[in-house]
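Below is one structure, written out as structure tokens, with a few remarks after it.
The values are calculated or read from the model by the stated rules, or taken from the named source; none is laboratory data. Predicted, not measured: the structure shown is a model, and the values here were computed from it. So basically every Cβ, Gly included, is an ideal-geometry build from the backbone, and we count neighbours across all protein chains shown.
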Amino acid sequence: MDSKIVQVSYFAIFREQRGVAQESCSTESATLAEFYEELKARHGFSMAQKSLRVAKNAEFCSWDADFAAGDEIAFIPPVAGG
Amino acid sequence: MFNLSVQAINSDELGRKLSSSEAGAFVTFEGRVRNHNDGKAVLRLEYEAYSAMAQKEADLVIAEARRLFPIIDLVCVHRVGLLEVGDMAVWVGVLARHRAEAFDACRYVIDQIKARVPIWKKEYYSDGSTNWVDCAECAAHAHTHALPPGER
């Protein structure tokens, strides 16, 4: 499978665990679920995928969704506004 | 209208802008920083947002409220950054012809904002520890969070 480069944005607990707010990542993952597991293994994120939601280009989407070069991906921990 | 604000929320000014001679009801909700959570003394909070997405998602929430309830106008402002105990974290104001739809729309908006708009809260406790609210317990022994209706 071809690799692609995407932008990953980190917020809150992810930003602290990764140490940066954004980075470019090269990946061969086909789905966002695979991509999260790849990053979790690489960076040691503590959050389980089933506790999270995922966003592509600033909109919620399915973990089964595919993604393309240039997409902005963000993993969304449980929100706590209000 | 929804806005994230790095500055203190001026609810008087927001309220004055919500005006209509057709309105018989003006309902507001003000969320404030509480000095305790889960049995721990909270000194201050930090709110962080995924700004572009928070704006999109909150705009959707407000559009839904306008569809569901026959209101005249609605404004919501949410703080980001460091807040002290007693500070206003969020403000919702709804203008409507009658009180029922004003209360309902206000409740809908604050509940949906809390459930799905990407804003996170870090609490700083009196014992020196900190916690991203609702995140720590998602490590390892993960549990599933309720998703809003109509998962997109």
Study note, to complete from the structure: Among B:D73, B:D38, the single one that is of a type in the set (D, E), at pLDDT 95 or above and either closer than 21 Å to B:Q112 by Cα or over 16 Å from the mean Cα position of the chain (by Cα) (or both) is B:D73
Point to revise | Candidate set: region B:42-60, residues that are out of contact with any helix residue (DSSP H, G or I) (no Cβ under 7 Å at 6 or more places or on another chain) and crowded, with 22+ Cβ neighbours inside 10 Å; chosen: the one farthest from the other protein chains (Cβ to nearest Cβ) | key: B:L45
Practice item. State the number of residues belonging to region A:46-71 that are touching a residue at least 24 places away in the same chain (Cβ under 8 Å) and at the interface with another protein chain (Cβ under 9 Å from one of its Cβ atoms). Key: 6
Review point. Does region B:72-88 include one or more residues that are free of Cβ contacts under 8 Å to residues at least 60 places away in the same chain, closer than 30 Å to B:A41 by Cβ and buried (at least 16 other Cβ atoms within 10 Å of the Cβ)?
Key: yes
Check your understanding: Considering only region B:23-40, how many residues are touching a residue at least 60 places away in the same chain (Cβ under 8 Å), part of a loop (DSSP other than H, G, I, E, B) and touching a Leu at 6+ places or on another chain (Cβ under 9 Å)?
Key -> 1
Point to revise | Top-ranked residue of region B:61-71 - restricted to ones that are over 16 Å from B:R97 (Cβ atoms) and crowded, with 19+ Cβ neighbours inside 10 Å, ranked as farthest from the other protein chains (Cβ to nearest Cβ) | key: B:I62
